[in-house]
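No lab work stands behind these numbers, since they all come straight from the coordinates. All figures in this text were calculated on a predicted structure; none of them were measured in a lab. Positions of Cβ are generated from backbone atoms using ideal geometry, with glycine treated the same way; all protein chains shown enter the neighbour counts.
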Amino acid sequence: MPKMTPSTLRIGQRYRPNRLAGNYDAIVIGSGMGGLSTAAMLSDLGWKVCVLEQHYTAGGYTHSYERNGYEWDVGVHYIGDVGAKTRTRKMFDYLSDGKLKWAPMDEEYDRFYIGEKVFCAKAGKQQFRDNLVQQFPDEAKAIDAYMDLLDKAGSAMSSVGMARIVEPWQQTLMTPYLKWKTPDFLYRNTYDVLSGLTNDDDLIAVICGQWGDMGLPPKQSTFMVHAMIARHYLYGGFYPVGGSWRIADSIIPKIQASGGEVFTYARVQQVIVENGKVTGVEMSDGHRIECGCVISSAGVGNTFNELLPADIAETSGYKQKLDTVEPSFAHLGVYIGLKGTAEELGLPKTNFWIYPDSDYDAAVERFMSDKNESFPVVYISFPSAKDPDYLNRHPGTATIEIVAPAPYEWFEKWRDETWGKRGEDYDSFKEKLGDRLMEHLYERLPDLRGKVDYFEVSTPLSTNWFGGYQKGELYGLAHTPERMQQKWLRPKTSIPGLWLTGQDILTCGVTGAMMAGMLTTASIVGMRKMSPLMKRIYS
């Protein structure tokens, strides 16, 4: 891997009107995983694609950043299902032309601190099951029933995806088949499904210990998404060698190969709709890029509330449809730099999940109504320990990241202030929250006290400023049972020429957004052209 310089993390070409090529076949708004994967697949099919990213670097939540000689990721803390030639791994290999490598985490990839008790998850389907039974020896029957539900959920996911890309009349014809392939328990809330298997609250808490990976506690989330996440990590966690920025960096050449490009500092002001169909986009500098195919990876809220002309959004019915969904949780991030390597400091390749008690939903409710209550979940990740290439880029250092939920409303009064210049009140408020989160780190790793060289705190306003999410949401739309049954959340919109991609049309996370890219590509080009590509990817 080449030695990284500070500019390396700024992936993509800076936007200038005179750098645009003519006659693009498609424009993609946003360079998150959904946007990049859609653009890459279309490019492989011969399309010339222009990706427009408003941030200074491409990648969305997969980007990395540097400060004071340290480097952190902002959203990729671990990826599952890439340790063997799975469908997920094959897709990553295809998009990156095999250039993206993966480093395994520890066998104990997740550790759950639930009140005064400590539990863990271990890599490997059988090991995962046996480890749960060892921790809950009287619940073997319930654990086996849970594993069976995960298998059934996995076999249903392809049907869920198929339903997103067929026409409404086809979906009507397919209703009996889809009902057969997608059992009702998939759309029930997670707690209801699990409480039907066991009344052991600690077991339910451990099974749901990764609820932060979708941003909803078990009484609010849909079991389908819980099962998708649990299955995703059954064989452990992995980290991209070289850092999360390597994901976008390895995909962009595929987009460029057919004459396309990924532009940064490229803020789209509006999608242009003329005579009822999309004809291109207008940039914030007033420049218009003509194109009859525009794909939004900016989230459905941004697409229909911010990017579409208001009258079009209203008459098309999308304003009303948005009332049926809500944004996911916003979050705080603490980015920590230490002198000394991960090995010298004893940092693990294991994620820490810290909870005040086993009633996750009650803890969320308490915290949302009183900021002085305990954080309902605190997640701690050790990226420099996970990345075997980190010391080649930042010798003699280590990094840690902490993530915790925080309502956007706590910070909304500073929304219109410039990033980095929001005033002493804002800085003081976020630093107090950051100090509280640091205590969770010191409680678990007390030897780190006094060894932190640098740390900074991000808030939901940071997510809004850099990522464009209006409420600072981490996972797009909240993955409630109601959201997962919205038939309009599909790649094809009712506005000719406008398409959607990303985690809002399927499920959350990097892999969910990547698979959404495949669905969007299939919707645009049709299965006749898509099938040979999929055969090539999965052969």
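If you average the alpha carbon positions of the range 186-206 and of the range 66-102, how far apart do those two centres end up, in angstrom?
What the calculation gives is 31 Å, centre to centre.
Pop the C-beta distance of Thr315 and Gln170 into the FRET formula with R0 = 25 Å and round what comes out to the nearest 0.05.
0.45
Just to confirm a number: summing +1 for Lys and Arg and -1 for Asp and Glu over residues other than Gly209 whose beta-carbon lies under 12 angstrom from that of Gly209, what do you get?
Computed value for this residue: -1.
Compute log10 of I(q)/I(0) for the range 323-402 with the Debye formula, placing one identical point scatterer on every Cα and leaving out solvent, at q = 0.17, 0.19, 0.21, 0.25 Å⁻¹, to two decimals.
-0.77, -0.85, -0.93, -1.12
Length gain on complete extension for the stretch Glu409 to Val133, per 0.36 nm per residue less the alpha carbon to alpha carbon distance?
Going from the current span to full extension adds 95.2 nm.
Please work out the C-alpha center-to-center distance from the range 417-470 to the range 223-242 and express it in whole Å.
27 Å
What relative contact order, as a whole-number percentage, does the chain give when Cα pairs under 8 Å and 6 or more residues apart are counted?
Relative contact order, the chain: 23 percent.
Could you please report the charge total around Thr463, scoring K, R as +1 and D, E as -1 over all other residues with beta-carbon less than 9 angstrom from its beta-carbon?
Around Thr463, the surrounding residues sum to 0.
What number comes out for the charge environment of Ala121, summing +1 per Lys or Arg and -1 per Asp or Glu over other residues with Cβ under 9 Å away?
On the way: positive: Arg111, Lys122; negative: Glu108, Asp110.
The answer is 0.
I need the trypsin sites (Lys or Arg not before Pro) found in the range 417-447, filtered to DSSP loop residues with at most 10 other beta carbons within 10 Å of theirs.
For trypsin sites (Lys or Arg not before Pro) across the range 417-447 that sit outside H, G, I, E and B with at most 10 neighbouring Cβ atoms in 10 Å, the list reads Lys421.
Measuring from label point to label point, each 7 Å out along Cα→Cβ, what is the Glu326 to Lys487 span in nm?
2.5 nm
Less than 22 Å apart at the alpha-carbon level, and either on another chain or at least 8 residues along: which lysines does that give for Lys277?
Excluding near neighbours in sequence, the set is Lys48, Lys319, Lys321, Lys487, Lys492.
Whose amide H sits under 5 Å from the amide H of Leu308, counting only residues 5 or more places off or on another chain, with H placed in the peptide plane?
Those qualifying (amide H under 5 Å, at least 5 residues apart or on another chain) are Val271.
Where in the range 216-235 is the amide nitrogen less than 19 Å from a point lying 7 Å along the Cα-to-Cβ axis of Arg366?
216-220, by backbone N distance to the label point.
Which percent, nearest 5, of DSSP beta bridges in the chain are antiparallel?
Numbers: 49 of 69 bridges.
For the chain, the DSSP antiparallel bridge percentage is about 70.
Working only with C-alpha atoms, what are the Rg and Dmax values of the range 116-192, expressed in angstrom?
Calculated on Cα positions, Rg and Dmax stand at 17.0, 54 Å.
To the nearest µm²/s, what D does Stokes-Einstein give for the range 22-62 at 20 °C and 1.002 mPa s, using the Kirkwood radius over alpha carbon pairs as Rh?
Reported coefficient: 209 µm²/s.
Just to be sure I understand: if I project the alpha-carbon convex hull of the range 218-364 onto a plane and average over all orientations, what area do I get in nm²?
One quarter of the hull surface, i.e. the mean projection, equals 14.6 nm².
For all pairs of alpha-carbon atoms in the range 1-140, what percent lies in each bin of width 5 Å, listed from the first bin to the last filled one?
Answer for the range 1-140: a P(r) of 2, 7, 12, 16, 15, 14, 11, 8, 6, 4, 3, 1, 1, 0 percent.
If R₀ is 51 angstrom, what is the calculated FRET efficiency for the pair Tyr187 and Val241, using the beta carbon separation as r and rounding to 0.05?
On the way: r = 38 Å, r/R0 = 0.74.
Rounded to the nearest 0.05, the efficiency is 0.85.
Calculate one ³J(HN,Hα) per residue across the range 283-298 by plugging θ = phi - 60° into the Karplus curve 6.51 cos²θ - 1.76 cosθ + 1.60, and present them in order as whole Hz with x for glycine and proline.
Karplus-based 3J(HN,Hα) across the range 283-298 equals 7, 5, 8, x, 6, 9, 10, 7, 5, x, 10, 10, 10, 9, 10, 8 Hz.
Rounded to a whole number, what is D in µm²/s for the range 270-330 from Stokes-Einstein with the Kirkwood radius over alpha-carbon pairs (37 °C, 0.692 mPa s)?
Details: Rh = 12.5 Å.
For these conditions, the coefficient is 263 µm²/s.
Counting only residues 5 or more places away or on other chains, whose amide H sits under 5 Å from the amide H of Val74 once H atoms are built in the peptide plane?
Here His63 satisfy the definition.
Could you state the per residue volume, in Å³, of the convex hull enclosing the Cα atoms of the range 100-249?
141 Å³
First obtain the Kirkwood hydrodynamic radius of the chain from its Cα pairs, then insert it into the Stokes-Einstein equation at 4 °C and 1.567 mPa s, and state the resulting D in µm² per second as a whole number.
Numbers: Rh = 23.7 Å.
Result for D is 55 µm²/s.
Where does each of 15-22, 139-146 land if you order them by average Cβ count within 10 Å, highest first?
139-146, 15-22
Under the Karplus relation 6.51 cos²θ - 1.76 cosθ + 1.60, θ = phi - 60°, what is the ordered set of whole-Hz ³J(HN,Hα) values for the range 202-211, x standing for Gly and Pro?
Once rounded to whole Hz, the list reads 5, 5, 4, 5, 5, 4, 9, x, 9, 4.
Would you pull out the residues with amide H under 5 Å of Asn351's amide H, same chain only if 5 or more places away, H placed 1.01 Å from N?
The answer is Asp110, Arg111.
Please check which bits of the range 389-432 a label hung off Glu343 would reach, taking the label as a point 7 Å along Cα-to-C-beta and the cut-off as backbone N under 14 Å.
389-392, 395-398
Å³ per residue of the Cα convex hull, for the range 408-481?
Considering the Cα atoms of the range 408-481, their hull volume per residue is 128 Å³.
Check the straight Cα-Cα distances from Lys421 and name the lysines below 25 Å, setting aside those fewer than 8 residues away within the same chain.
Here the lysines satisfying the reach criterion relative to Lys421 are Lys371, Lys413, Lys430, Lys432, Lys471.
Mean Kyte-Doolittle of at least -0.5 and a Cα length of 27 Å or more along the axis: which whole DSSP H helices of the chain meet both?
140-165
In deg cm²/dmol and to the nearest 500, what is the mean residue ellipticity at 222 nm of the chain if only DSSP H runs of at least 4 residues count, each as -39500 (n - 2.57), divided by the residue total?
-11000 deg cm²/dmol
Dividing the alpha-carbon radius of gyration of the range 371-515 by 2.2 N^0.38 Å (N being the number of residues), what value is obtained? Intermediate results must be reported in sequence, preceding the final value.
Details: Rg = 18.8 Å, N = 145, 2.2 N^0.38 = 14.6 Å.
This ratio for the range 371-515 stands at 1.29.
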